[in-house]
């Protein structure tokens, strides 16, 4: 479950307050009855263990909240498992405090009924935790999930019917708890689920390190062992504290080590991000000595590294090549493919800039030669002849560019697309041509702009993009792109960005704006 930062912080605060309130209530009720001397030693031991369990649960909750910033699915389930054990400890305390008090018979029955629900719930959550930790595809274990979910519902219903039939336990007229004839069957679902989970761990043991296997087996072993002990021993109820100690072990061994490994991975991703950003032109204005045109571009990656890229360069004093592209997929594979594609396009663009269709055809054939992973890239490339304003461009499956003629408004240039690069060898790419007049602006972008969506799953779309482009900019391309980005941010309203957002703007000022000619780069 991915949630916005503010919503998460609010949920974490409310959860913390709930933990504190329940602990405070547990301490209060224990302190209220302890001075009266009505509790036997066994009850005091069990209640003290339950309170310690609750305190440890709150500490683990705080630690987990810190790690939860990454929104890992297995940590979500761990928090549910933690809270279930915490509640079980509180309910167990209530049961010991009210036991033997006829005036609290109904509370005793309710507390024990809810307490009995804890075991199957925690067993099911343990299954879900392991499945999530292993990253097992849902379709592979769908039948097991459905079976265990149905079993959980049945187990809970059996406990809800217990006050009527007393098959698991009863509360005598004098307020004492007594086990029923079918008490042993109350653990059947929990034991079966845990054993099935261990079978999954054993089957997937090659995916685990040894310490991970041992930790998960310990989580199963101690509750099972305590369950067996409780069958033959009445008066000692330490299942919840034992489970909480194992949850501490799980957190330290699994989540903390996982976080350490993730931190190493994050560091490597940050280095990859720095390398990728270094490959993109990022100094603006890029040619301060050239006043015939203005350029501005930006890329905001959805992940640490992205598959979008932009580029521009001058193969000679009178030509400017601009490119924007979007690689299929995301993450490291897309970033690697992006770097290869960018290099190939620039290499061809420096020599074949007078024929943009040839640039795309050549690079397409090169990408197809060893494209075993079937990735592709959409590309829009244009070449400006600075002295005349002639602008030749080609579109390989990319988004429609937008153009603003001097004194007019932005509108899309909807011309026929050619296929993306990397799909099939031997594709001819069509070249288009237009003449830019002084003051004309070309705006190109990736689909992360138009497909940005809000919490209602609505797309930002081309119409909103054009509205943002047509806001006042006073000729400043930085303001233009800021207007679009601000409009996207306002539209998605905190919804997570799921795709890279890349934009490139070029304004043609005309040869008469030049105060001199610059050197080619």
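Here, each number is a calculation from the coordinates, and none is a lab measurement. None of the values given here were measured: they were computed from a predicted structure. Note that we place each Cβ from the backbone using ideal geometry, even for glycine, and neighbour counts take in every protein chain shown.
Could you put 191, 337, 133, 211 in order, starting from the residue whose Cβ has the fewest other Cβ atoms within 10 Å?
Listed from fewest to most nearby Cβ atoms, that is 211, 191, 337, 133.
What percent does the relative contact order of the stretch 5-267 come to when contacts are Cα pairs within less than 8 Å and at least six residues apart? Mind dumping the intermediate values first?
Numbers: 255 pairs, mean separation 56.1, N = 263.
It rounds to 21 percent for the stretch 5-267.
Nearest 0.05, what FRET efficiency do residue 512 and residue 340 give at R0 = 41 Å with Cβ-Cβ as r? Intermediate results must be reported in sequence, preceding the final value.
Details: r = 40 Å, r/R0 = 0.98.
After rounding, the FRET efficiency stands at 0.55.
Which label marks the calculated value of Rg and Dmax of the Cα atoms in Å, given the options (1) 25.9, 79; (2) 23.6, 72; (3) 32.5, 103?
The listed entry that was calculated here is (3).
How far is it, in nm, from the label point at residue 107 to the one at residue 365 when both lie 7 Å from their Cα along the line to the Cβ?
8.6
What spacing in nm lies between the two simple spin-label points modelled at residue 202 and residue 478, each 7 Å away from Cα in the Cβ direction?
Going by the 7 Å Cα→Cβ label model, 6.6 nm.
Hey, what did the chain get for relative contact order, percent, Cα under 8 Å, at least 6 apart? Don't skip to the end; give the middle numbers.
Details: 798 pairs, mean separation 63.9, N = 521.
Result for the chain is 12 percent.
If I fit a long axis through the Cα atoms of helix 105-134 and take the longest principal axis of the Cα atoms of the chain, what angle between them do I get, 0 to 90°, rounded to 10?
Once rounded, the angle reads 40 degrees.
Taking 0.36 nm per intervening residue step and subtracting the Cα-Cα distance, what contour gain separates residue 62 from residue 406 on full extension? List each step's numbers first, then the result.
Working: separation 344, 0.36 × 344 = 123.84 nm, distance 5.83 nm.
Full extension from residue 62 to residue 406 adds 118.0 nm.
At a Förster distance of 35 Å, what's the computed FRET efficiency of residue 174 paired with residue 13, Cβ-Cβ distance as r, to 0.05? Before the final figure, lay out each step's value.
On the way: r = 44 Å, r/R0 = 1.25.
With R0 = 35 Å, the Cβ-Cβ based efficiency is 0.20.
Report, in deg cm²/dmol and to the nearest 500, the calculated mean residue ellipticity at 222 nm for the chain, where each DSSP H run with n ≥ 4 adds -39500 (n - 2.57) and the sum is divided by the residue count.
-17500 deg cm²/dmol
Please give the length that would be gained between residue 497 and residue 150 if that part of the chain were fully extended, namely 0.36 nm times their separation in residues minus their C-alpha to C-alpha distance (nm, one decimal). It would help to have the intermediate numbers written out before the result.
On the way: separation 347, 0.36 × 347 = 124.92 nm, distance 3.62 nm.
Result for the pair: 121.3 nm of gain on full extension.
Quick one: compute the contact order of the stretch 281-513, relative version, from alpha carbon pairs under 8 angstrom and 6+ residues apart, as a percent. Could the numbers behind the result be given before it?
On the way: 499 pairs, mean separation 59.0, N = 233.
Answer for the stretch 281-513 is 25 percent.
Express in whole angstrom the spacing between the alpha-carbon centres of the stretch 352-420 and the stretch 311-328.
Distance between centres, Cα-based: 10 Å.
Evaluate the distance, in nm, between pseudo-label points positioned 7 Å from the Cα of residue 463 and of residue 132 along their respective Cα→Cβ axes.
Roughly 4.0 nm, to one decimal.
Report the full-extension gain for the segment residue 25 to residue 372: residue separation times 0.36 nm, less the Cα-Cα distance, to one decimal in nm. Don't skip to the end; give the middle numbers.
Details: separation 347, 0.36 × 347 = 124.92 nm, distance 6.23 nm.
In short, 118.7 nm is gained.
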